[in-house]
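The values are calculated or read from the model by the stated rules, or taken from the named source; none is laboratory data. Remember, it's a predicted structure, so these values are computed and weren't measured experimentally. Neighbour counts run over all protein chains shown; Cβ positions are idealised from the backbone, glycine included. For the accessible areas, the whole protein counts, side chains as well, though only heavy atoms, and no ligand, DNA or RNA atoms are used. Shrake-Rupley method; radii C 1.70, N 1.55, O 1.52, S 1.80 Å.
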Amino acid sequence: MLNYAIKRLGLAVVIVSVAMTLLFSMIYLIPGDPASVALGPRATPEMVAALRARMGLDQPVWVQFWNFYSGAWTGDLGIEVLSNRPVLTVVMEQLPFTLALIAGGITWSVALGIPLGCMAAVRRGSFADRLVGVLSVAVIAVPSFVVAIYALLIFAVALQWLPAIGAGEPGDLGDQLTHLILPSLAVGLGWVGYIARMVRASMLEVLEASHIRTARAFGLPERQITYRYALSIAILPTVTLLGIGIGQMLSSAVFAEIVFARPGIGKLVYDAILTRNYPLVTGAVLVTTVLFVVINVIADLIIGALDPRVRSGF
Amino acid sequence: MTVLAVSGLSVEFTTEGGTLQALRDVSFEVPERKIVGVVGESGCGKSTLINAILGLLADNGHVSAGEILFEGAQELTTLDPTSMRALRGERISTVFQDPMGALNPVLSVGRQMVNVQYRSGRSKAEKTARAVEMLQKVRIPDAEKAVNRYPHEFSGGMKQRIAIAMALMMEPALLIADEPTTALDATLEVATIELLKELQEEIGCSVLFISHHLGVIAELCDEVIVMYAGEVVERGDVRDIFNDPRHPYAHRLLDCDPARQKGLVRHLPTIPGEIPDLRARPEGCIFRPRCHRAEARCTETPPEIVVSPGHMARCWVAEVPERAEAAR
Ligand SMILES: Nc1ncnc2c1ncn2[C@@H]1O[C@H](COP(=O)(O)OP(=O)(O)OP(=O)(O)O)[C@@H](O)[C@H]1O
Ligand SMILES: [Mg+2]
């Protein structure tokens, strides 16, 4: 376990460092001075110089990078110039909305994808199997913002079953959940297809394994064989896939947040780019990078909990 | 009493290249408390035979003729799936060839052994106690702790002993063992065979034992069935078969056994030719194309000739032993 933790931590440091370097170079190379952008066209050169000094933009590049790098590790992502608040605070305010959206997306994809994939494998070659196959490919092929727009048009505008925009009344959990249904569907629908395909393929493989034949030879109930003996193994690649897929889900979340006018990291980054609020862009992207790393650790831990062979390797 | 009586059993697989007859007119019996060995080259239908008995033939396979009578009462080829499942693991249990893959990797050994007892009506604690007791019987060290461990934490030999423990836990009437020792090294093989024999005597079950290894068959079995290309070509008491084989194939098979070579040989003898394509069986004797004793009448299907009581060979020339013929 200690070995695993050290390896994981090392990997996290590398990933986050690379992300920081890329972000810093990008912002530095993009033309336009963040300070004059922030202050607008009517700012005097003195005001711009003062802000540049406060943002540390007057220092040599490598000092700037070091300040950025060392600050980030202690949670200091700089000051957001428009509201004059710490970037980390601003990002953390939005983070729960995005987390809820992604959790909702995962819930949709797991709750639909696993049973569908399982059924397709158990009834291989049947009409239901082929239907699931076609639908999976279809939902994988449709971009998530298209799903978002159609979900909005059908369920919120035409049928008026569900609210169209926003994240719901703060403090009202039921309202927040109803506001979550459509955006999370937009984020998760493509993943229903991925997971159904993945679970089907690994179920077919596991059902051929000799321990399944042993289980049958012992007359165990077919249900127990499918769910307890086969699915608990077939699920493992899906967990890994989901961990890696979080990156893609985060980018779908950007679209869903814009289409449904939901608060969240995606919306924050989008607005920050439009206003060239660079410290906010870097901060938000760094936080999502850390989120990605953390979610992958969680995926690993889940696999460890499910698979004793992996657990003993931790 | 006869525990298992197979008569006239034929099994066909539907394949892209046509119908493949994997078993043809297979008949034999497994008497109570006896160990019956099945030998034959790879692909001769040993596993198919087991799967037919267990009702676990692949989807493209079916029994096209014959019957399998279990404990004189149940006809397995026509038994409904629910009753068949009730027999499996309870009255008929199985140990498979591959000890590495035969146990579920994500469930603890104890959990799997408890699950197998789901029809017993015992309490959870009793089931666990039974599992521990069986592990002790197959000499798994520290059995109380071993039930909480997972298959990958055991060696190959231990896993196969666990599989045997699991198979014998419900005290079945018939144990089917499909090459249970093939994947083990020689010393482990001997130990496992001895253990199996010991437990079989204690429980009083019959065993259908499949093996490539003639030495193991000779050591363990009371009776032997020799199979070739899906047919039983010879069967009888282990001593009769080993000392006085009458079917030319059985004779060759014994000649090819490295353990039976006298002195040092440069080349191990082999049987020339190949197993016929089971999709297009030749007329008459199935072994005729490879047989050095083939005669004109061999183009007709040979009868089962009784050599001595309980010793049968499906061959026109079975009445004359090969050695006698050579001397003539
Ligand atoms: N599902 C199937 N579909 C088509 N043919 C099959 C199927 N299962 C087995 N066969 C064929 O039936 C014949 C007997 O196979 P089987 O597996 O019973 O042989 P075996 O004696 O167990 O061989 P081995 O010693 O290698 O395990 C082979 O020719 C094989 O190709
Ligand atoms: Mg086999």
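Brief remarks follow.
- Failed criterion for A:Leu236 (all others in (1) within 14 Å of chain B (Cβ to nearest Cβ); (2) more than 16 Å from A:Gly113 (Cβ to Cβ); (3) open to solvent by 10 Å² or more (accessible area, probe 1.4 Å) hold): (2)
- Residue in the range B:252-259 that is open to solvent by less than 30 Å² (accessible area, probe 1.4 Å), within 14 Å of ligand 1 (Cβ to nearest atom), acidic (Asp, Glu) and more than 14 Å from chain A (Cβ to nearest Cβ) present: no
- Tabulated pairs, the range B:158-182, first more than 13 Å from B:Ser93 (Cα to Cα), second within 16 Å of ligand 2 (Cβ to nearest atom) and charged (D, E, K, R), C-beta under 9 angstrom, 6+ apart or interchain: B:Glu179/B:Lys46; B:Glu179/B:Asp98; B:Thr182/B:Asp98
- Every listed requirement among (1) in contact with a strand residue (DSSP E or B) (Cβ under 9 Å, 6 or more places away or on another chain); (2) open to solvent by less than 50 Å² (accessible area, probe 1.4 Å); (3) at pLDDT 85 or above; (4) hydrophobic (A, V, I, L, M, F, W, C) is met by B:Cys298 save one, (1).
- Pick from the range B:169-181, criterion within 16 Å of ligand 2 (Cβ to nearest atom) and out of contact with any Phe, Trp or Tyr (no Cβ under 7 Å at 6 or more places or on another chain), ranking: nearest to the other protein chains (Cβ to nearest Cβ): B:Ile176
- Helices (runs of 4 or more DSSP H) contained entirely in the range B:45-140, each with at least 1 residues that are more than 16 Å from ligand 1 (Cβ to nearest atom): B:81-87, B:109-116, B:124-137
- The residue list A:Gly125, A:Gly113 contains one member that is part of a loop (DSSP other than H, G, I, E, B) and within 30 Å of A:Ile195 (Cα to Cα), which is A:Gly125.
- Of the candidates B:Arg111, B:Arg130, B:Arg139, the single residue that is under 17 Å from A:Tyr229 (Cα atoms) and among the charged types (D, E, K, R) is B:Arg111.
- Of residues in the range B:79-98 being at the interface with chain A (Cβ under 9 Å from one of its Cβ atoms) and open to solvent by 40 Å² or more (accessible area, probe 1.4 Å), the one farthest from ligand 2 (Cβ to nearest atom): B:Ala86
- The residues in the range A:298-312 that are open to solvent by 40 Å² or more (accessible area, probe 1.4 Å) and in a helix (DSSP H, G or I) can be counted, and the count is 9.
- Exclusive hit being aliphatic (A, V, I, L, M), within 28 Å of B:Ala73 (Cβ to Cβ) and surrounded by fewer than 20 Cβ atoms within 10 Å (Cβ to Cβ), set B:Ile210, B:Ile176, B:Ile203: B:Ile203
- Which listed residue is facing another protein chain (nearest Cβ under 10 Å), over 20 Å from the mean Cα position of the chain (by Cα), over 23 Å from A:Thr289 (Cβ atoms) and open to solvent by 20 Å² or more (accessible area, probe 1.4 Å), from A:Arg213, A:Arg200: A:Arg213
- Reported count of residues in the range B:182-224, each being away from ligand 2 (no atom under 16 Å from the Cβ) and within 14 Å of chain A (Cβ to nearest Cβ), is 0.
- Top-ranked residue in the range B:1-44 [being within 13 Å of ligand 2 (Cβ to nearest atom) and part of a strand (DSSP E or B); ranked as farthest from B:Gly236 (Cα to Cα)]: B:Ala22
- Hits in the range A:22-49 (condition: open to solvent by 60 Å² or more (accessible area, probe 1.4 Å) and part of a helix (DSSP H, G or I)): A:Leu22, A:Met26, A:Tyr28, A:Leu29, A:Leu39, A:Pro45, A:Glu46, A:Met47
- Boolean, A:Gly245 is away from chain B (no Cβ under 14 Å), of a type outside the set (D, E, K, R) and buried (at least 22 other Cβ atoms within 10 Å of the Cβ): no
- Odd one out for B:Leu195, checked against (1) free of Cβ contacts under 8 Å to residues at least 60 places away in the same chain; (2) open to solvent by 10 Å² or more (accessible area, probe 1.4 Å): (2)
- There is no residue in the range B:258-271 that is of a type in the set (Gly, Ala, Ser), at pLDDT below 85, assigned to a helix (DSSP H, G or I) and farther than 30 Å from B:Ser155 by Cα.
- Flag if B:Ser42 is open to solvent by 50 Å² or more (accessible area, probe 1.4 Å), near ligand 1 (Cβ under 10 Å from one of its atoms) and not β-branched (Val, Ile, Thr): yes
- Filter pass, B:Ser64 being within 16 Å of ligand 2 (Cβ to nearest atom), open to solvent by 40 Å² or more (accessible area, probe 1.4 Å) and in contact (Cβ under 8 Å) with a residue 12 or more places away in the chain: no
- Of everything listed in (1) part of a helix (DSSP H, G or I); (2) touching a residue at least 12 places away in the same chain (Cβ under 8 Å); (3) open to solvent by 50 Å² or more (accessible area, probe 1.4 Å); (4) under 30 Å from A:Ala100 (Cα atoms), the single unmet condition for A:Arg276 is (1).
- Residues that are within 24 Å of A:Met92 (Cβ to Cβ) and either charged (D, E, K, R) or at pLDDT below 80 (or both), drawn from the range A:53-74: A:Arg54, A:Met55, A:Gly56
- Out of A:Phe255, A:Phe218, A:Phe260, sole residue that is in contact with a Ser or Thr (Cβ under 8 Å, 6 or more places away or on another chain) and over 23 Å from A:Asn296 (Cα atoms): A:Phe218
- The single condition among (1) away from ligand 1 (no atom under 13 Å from the Cβ); (2) under 17 Å from B:Leu69 (Cα atoms); (3) out of contact with any Gly (no Cβ under 6 Å at 6 or more places or on another chain) that B:Asp25 does not meet is (3).
- Residue selected from the range A:65-83 under the condition of a type in the set (S, T, N, Q) and more than 15 Å from A:Ile27 (Cα to Cα), by the criterion nearest to the chain's Cα centre (by Cα): A:Thr74
- Within the range B:206-252, the residues that satisfy the criterion of being over 21 Å from B:Pro303 (Cβ atoms) and among the hydrophobic types (A, V, I, L, M, F, W, C) are B:Val207, B:Leu208, B:Phe209, B:Ile210, B:Leu214, B:Val216, B:Ile217, B:Ala218, B:Leu220, B:Cys221, B:Val238, B:Phe242.
- Condition met for B:Arg139 (touching a residue at least 12 places away in the same chain (Cβ under 8 Å), surrounded by 19 or more Cβ atoms within 10 Å (Cβ to Cβ) and more than 11 Å from chain A (Cβ to nearest Cβ)): no
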